[in-house]
Amino acid sequence: MNRKQVPPSLENVKQYCSEQNYKIDAEQFFDHHEARGWWLGKVKMRDWQAAVRTWVRNEKRWNPTGDENKKEWHETAQGIADMGQRYGIAESDYYHFQEFKKAVFDAVKGKRQLRLVV
């Protein structure tokens, strides 16, 4: 297959990942880019194999332990408390901490953007 041919088929992505011994979810990569029309920002993708390599590098950075059950900071009480403390909002300041927690949940649900001013 010509690596410049965009978009690739799902089978081509799976085959490439297998050949390179990449431990990523090829279907997730394919679906992510398929949903975006194979665009990267404002530029049409030219080399999908380079995009796979970038996906692999980013996955290592986002999840260095490889633990698929790892939770995001906003999914645990301790993570929210740590982030609140990072922005000067202690759990002991009940009112402000509850406001912070609500803002986090609203942002995660897509109701509004989370903007923290330090």
query = Which residue out of 23, 70 is modelled with pLDDT of 85 or more, of a type outside the set (S, T, N, Q), outside any helix (DSSP H, G or I) and on the phi < 0 side of the Ramachandran plot?
reply = 23
query = If you scan segment 3-20, which residues turn out to be outside any loop (DSSP other than H, G, I, E, B) and surrounded by 12 or more Cβ atoms within 10 Å (Cβ to Cβ)?
reply = 10, 12, 13, 14, 15, 16, 17
message = Going through 109, 60, 44 one at a time, which residue ends up being at pLDDT below 80 and under 30 Å from residue 12 (Cβ atoms)?
response = 60
remark   = Going through (1) within 16 Å of residue 5 (Cα to Cα); (2) in contact (Cβ under 8 Å) with a residue 12 or more places away in the chain one by one, residue 15 fails only at (2)
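The values are calculated or read from the model by the stated rules, or taken from the named source; none is laboratory data. Everything numeric in this text was worked out from a predicted model, so none of it was measured. Glycine gets a Cβ as well: all are built from the backbone with ideal geometry, and neighbour counts include every protein chain shown.
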